[in-house]
Structures are given as C-alpha cells and as structure tokens.
Amino acid sequence: PIDALPQVLEWLAVTQPQLDKPQRRAGWPWLVAQARDWMALRRLEIDAKAVSWPTPFVRMPLGTCDMVALRSVRDLWDEARSMHHCVDRYAKACAAGEALMVSARTCTHPARRLATVHYARRAGRYVLAQIRGRANRSAPREVEARAVWFERLLNAAGPWPPEAELELGAQACVG
C-alpha cells in the first residue's frame, strides 16, 4: 500500500541497503515488508533503552486541545513517526532538561495529533521555541495561540523543580 511510502523511504535512507537482483525483482511488497520489520526492530531497540525524563506535567486539557508531555525517547519517536518530522532528534536536550516537547492533540480524539510544540528551558523558565504541524507545516492558528498561552501557564508558578511533577490529566476538556 502507498501509505507505507514514508516507512520505506526512512528505511532506505537510514539503512542504505545494497539490493541484489532477487531483492530488486521482489518489488514493492518486499520493500514494505523490510521497512515494517526494520520499524518493529527499531521500536524494540527504543523500548529496551527506556530513557525517560521528568516533565512539569503529564497531560493538560487546554480548551479544545490536550497538551501531552513527550516524556521518553519512545514518545518522541512515536511523535516523529506520526507527524512526519524530526522531533526524535531532541532526546538529549529533553533528557538534559534543556527542552520540553509537547504534543498538541484534539481533546475529543486524543490520538489525533495537531502539532508538536518545543519549549526551550532558559534560566529556569520555558520559552516557546517552535511549533510544527504535520511534516513541518504551520500549526493550526488555534493551536499556536494555545501554545503561547500554555507558555505563560508553565511559567506561572516560577521555576519548576524536577521533583514536583503535576498530574493534571484528570481535568475535563472545556471549550
């Protein structure tokens, strides 16, 4: 299926396989199978590392959006695959506490991702560094406005101590 094209292209770009004649003859179905196997192996490798970091919240409903903290290498990788961009390259910055990555999702369908928001950590405060929609396109304007408002909310209590994690996921969505 054509929906496997991004996976196949990523597999080809990362692994740069030298295909022999039988592999070339096997065609598209073989390429898709190889890419899916590689992706499954990559997921296992990422899960085995189990690298995660503290964040000042887990999930926060914000109007029609859910702001979901990306708290691990796996979270970043899933976001990068779903949104077709390179947020997974920020793992070291997140683990060092220099960046906070947030997935903005629809409140009614939490699996539907709208944008990825990057807050840089400077002098103990979060600063909105960038916001990207699918495939690095512009994010919806409503999400951009919510991301700016969320920056103020993140900084409202002053510098965040890593030991004090807020669990705000129990609040209901409001319009």
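The values are calculated or read from the model by the stated rules, or taken from the named source; none is laboratory data. Predicted, not measured: the structure shown is a model, and the values here were computed from it. As a convention, Cβ positions derive from the backbone with ideal geometry for all residues, glycine included, and neighbour counts pool all protein chains shown. For the accessible areas, the whole protein counts, side chains as well, though only heavy atoms, and no ligand, DNA or RNA atoms are used. Shrake-Rupley method; radii C 1.70, N 1.55, O 1.52, S 1.80 Å.
Taking all pairs of different Cα atoms in the range 1-98, averaging 1/r and flipping that mean, what Kirkwood radius in angstroms comes out? Intermediate values should be presented prior to the final figure.
On the way: mean 1/r = 0.0644 Å⁻¹.
For the range 1-98, inverting the mean 1/r across all distinct Cα pairs yields 15.5 Å.
Of all DSSP beta bridges confined to the chain, the antiparallel ones make up roughly 95%.
Model label sites at R43 and T15, defined 7 Å from Cα along the beta-carbon direction, differ in position by 1.6 nm.
Enter the Cα centre distance for the pair the range 109-134 and the range 1-70, rounded to the nearest angstrom. Taking the Cα centre of the range 1-70 as reference, the centre of the range 109-134 is 21 Å away. P(r) tail for the range 57-157: Cα pairs beyond 16 Å make up 51% of the total.
A 1.4 Å probe run over the range 73-113, with the rest of the protein chains in place, finds 48 Å² accessible per residue.
Between A156, A26, A145, the residue with the greatest mean-square fluctuation in the GNM of the chain (Cα pairs under 10 Å linked by springs) is A26.
If you run the Gaussian network model on the chain, springs between alpha carbon atoms under 10 Å, then out of V14, V117, V68 the most flexible one is V14.
State the volume of the convex hull built on the alpha-carbon positions of the chain, expressed per residue in Å³ and rounded to an integer.
Values: hull volume 22.4 nm³, N = 175.
Measuring per residue, one finds 128 Å³ for the Cα hull of the chain.
Mean residue ellipticity at 222 nm from the helices of the chain, using -39,500 (n - 2.57) per DSSP H segment of n ≥ 4 over the full residue count, to the nearest 500 deg cm²/dmol? List each step's numbers first, then the result.
Numbers: 5 runs with 71 residues, N = 175.
Calculated at 222 nm, the ellipticity per residue is -13000 deg cm²/dmol.
The residues packed around R125, meaning those with a beta-carbon under 11 Å from its beta-carbon, carry a net charge of +2 if Lys and Arg are +1 and Asp and Glu are -1. For the range 1-65, the per residue solvent-accessible surface stands at 62 Å², with DNA, RNA and ligands left out and a 1.4 Å probe.
Protein heavy-atom surface of the range 23-143, 1.4 angstrom probe: 51% of the accessible area is carbon and sulfur, with nucleic acids and ligands not counted.
For the range 49-106, the calculated P(r) over all alpha carbon pairs, in 5 Å bins from 0 to the bin holding the longest distance, is 4, 22, 29, 25, 16, 4, 1 percent. Computed over the chain with a Gaussian network model linking Cα atoms closer than 10 Å, the most mobile of H84, H118, H109 is H109.
The local environment of A96, defined by Cβ-Cβ distances under 15 Å, has a net charge of +4 under the rule Lys, Arg +1 and Asp, Glu -1. Angle of helix 141-155 to the longest C-alpha principal axis of the chain, folded into 0 to 90 degrees and rounded to 10: 60°.
Tally Lys/Arg at +1 and Asp/Glu at -1 over every other residue whose Cβ is under 14 Å from the Cβ of W30; what's the total?
Values: positive: K21, R24, R25, R36; negative: D20, D37.
Neighbourhood net charge equals +2.
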